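To keep things clear, I will list the structure first and then write my remarks on it.
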Amino acid sequence: MDIDGKKVALEIKEEIRQGIKAHKLVPGLAFVLIGEDPPSQTYVRMKEKACHEVGIFSKKIELPSNVSEKELLTLLSSLNEDPKYHGILVQMPLPKHLDTLKILTAIDPAKDVDGFHPLNIGKMVVGDPTGFLPCTPFGIIKLLEAYKIKTEGKEALVLGRSLIVGRPIAHLLSQKAPFGNATVTLAHSHSKDLKALCKQADILVAAMGNPLSITADMVKPGAVVIDVGITRKETKIVGDVDYENVSKVASYITPVPGGVGPMTIAMLLYNTYLSAKSHSEKLLYRE
């Protein structure tokens, strides 16, 4: 059975739209786009469109690829202080001369709606709900919730150890929380016998960026397969999973496109909405 990320994302976006209306909010999200990388430009356009659909004010700030670190840090400082913006997103990847960790750390954690600031990562690890969760892992948990897929006591395998997806989703699946409590294995390019590891998994999250590398003979019959990979292969967009064949073996599977991708943007909007709501509540409390 397909896990329809488009459908769940639309439901979340409607929840955001109604919440913004009910609380009379004007959430603001600033996008910082550096250089002329075509995929980055496409992603930002998609996020801008999604903001408009739910009632979030957004602004795209474009900087040349040779922007200095000092200039970028100065911009982020001004956005941190600007009350119009409840979220700040610096589109990745950055040009090589910029220190990614330094840039991410310069964003106010209270406006880090991407969930990549070390403080928010730390809050996620210790189970502190006051931080922002990274959008893609957050979206995966929301998909499991929407389809009422049990994770408690299940064997989960996460393929990929990036800070964007792999390590965060491993933490979330293992936490003592709804749609957690799984026994999680985190595998990567140096892991031995991936096929044997995959065959043991009740829940398989593929996030290695290796197109069509997960084949039907690697998947346990009845497993839940979450495909985070996205690669343009000739005229098609494919994931890390051989969807055509694995879908015949899995009980649930996310297609590419239309699975995890729409959820990533939906959770970015949701984090921005939560940030604006929190800011509004703090103002009311002060009054």
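The values are calculated or read from the model by the stated rules, or taken from the named source; none is laboratory data. On a predicted model such as this, the values are computed, not experimentally measured, just so you know. In this analysis, Cβ positions are derived from the backbone assuming ideal geometry, glycine residues included, and neighbour counts consider all displayed protein chains.
Whether any residue in the stretch 54-61 is loosely packed, with under 14 Cβ neighbours inside 10 Å and either modelled with pLDDT under 95 or assigned to a helix (DSSP H, G or I) (or both) is what I want to check. Among the residues of the stretch 54-61, not one is loosely packed, with under 14 Cβ neighbours inside 10 Å and either modelled with pLDDT under 95 or assigned to a helix (DSSP H, G or I) (or both), which makes the answer no. Of the set (1) surrounded by 15 or more Cβ atoms within 10 Å (Cβ to Cβ); (2) modelled with pLDDT under 95, all apply to His190 but (1). Given Ile20, Ile3, Ile34, which one is touching a Gly at 6+ places or on another chain (Cβ under 7 Å) and more than 20 Å from Ala276 (Cα to Cα)? Selected residue: Ile3, the only one of Ile20, Ile3, Ile34 that is touching a Gly at 6+ places or on another chain (Cβ under 7 Å) and more than 20 Å from Ala276 (Cα to Cα).
Return the only residue of Thr105, Thr42, Thr74, Thr130 being in a loop (DSSP other than H, G, I, E, B) and more than 16 Å from the chain's Cα centre (by Cα).
Thr130
Listed here are the residues, each with its yes/no results for (1) closer than 27 Å to Gln18 by Cα; (2) in contact with a strand residue (DSSP E or B) (Cβ under 9 Å, 6 or more places away or on another chain).
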{"site": "Ala223", "(1), (2)": "no, yes"}
{"site": "Gly229", "(1), (2)": "no, yes"}
{"site": "Lys233", "(1), (2)": "no, no"}
{"site": "Val238", "(1), (2)": "no, yes"}
{"site": "Glu244", "(1), (2)": "no, no"}
{"site": "Lys248", "(1), (2)": "no, no"}
{"site": "Ser251", "(1), (2)": "no, yes"}
{"site": "Gly259", "(1), (2)": "yes, yes"}
{"site": "Ala276", "(1), (2)": "yes, yes"}
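Ile164 meets the conditions (1) surrounded by fewer than 21 Cβ atoms within 10 Å (Cβ to Cβ); (2) touching a strand residue (DSSP E or B) at 6+ places or on another chain (Cβ under 9 Å); (3) β-branched (Val, Ile, Thr) in every case but one. The failed one is (2).
If we keep just the residues of the stretch 77-102 that are aliphatic (A, V, I, L, M) and within 17 Å of the chain's Cα centre (by Cα), which is surrounded by the fewest Cβ atoms within 10 Å (Cβ to Cβ)?
Going through the stretch 77-102, the residues aliphatic (A, V, I, L, M) turn out to be 79, 88-90, 92, 94, 98, 101.
If we keep only those that are within 17 Å of the chain's Cα centre (by Cα) too, we end up with 88-90, 92.
Details: Ile88: 26, Leu89: 26, Val90: 25, Met92: 15.
Among those that are aliphatic (A, V, I, L, M) and within 17 Å of the chain's Cα centre (by Cα), it is Met92.
There is at least one residue in the stretch 183-205 that is assigned to a strand (DSSP E or B) and among the hydroxyl-bearing types (Ser, Thr, Tyr).
Taken over the stretch 150-164, the criterion of being free of Cβ contacts under 8 Å to residues at least 40 places away in the same chain and of a type outside the set (Gly, Ala, Ser) is satisfied by Lys150, Glu152, Arg161.
The residues of the stretch 225-235 that are of a type outside the set (Lys, Arg) and under 16 Å from Asn245 (Cβ atoms), listed by number, are Val225, Asp227, Gly229. Considering the stretch 221-287, the qualifying strands (runs of 3 or more DSSP E), each wholly inside and each with 3 or more residues that are surrounded by 24 or more Cβ atoms within 10 Å (Cβ to Cβ) and among the hydrophobic types (A, V, I, L, M, F, W, C), run over 224-227.
Yes or no: the stretch 142-149 includes at least one residue that is within 26 Å of Glu281 (Cβ to Cβ) and either polar (S, T, N, Q) or under 19 Å from the mean Cα position of the chain (by Cα) (or both). Step through it out loud before you land on a result.
Keep residues of the stretch 142-149 that are within 26 Å of Glu281 (Cβ to Cβ), which gives 142, 145.
Filter once more, so that each one left must be either polar (S, T, N, Q) or under 19 Å from the mean Cα position of the chain (by Cα) (or both): 142, 145.
Within the stretch 142-149, one or more residues are within 26 Å of Glu281 (Cβ to Cβ) and either polar (S, T, N, Q) or under 19 Å from the mean Cα position of the chain (by Cα) (or both).
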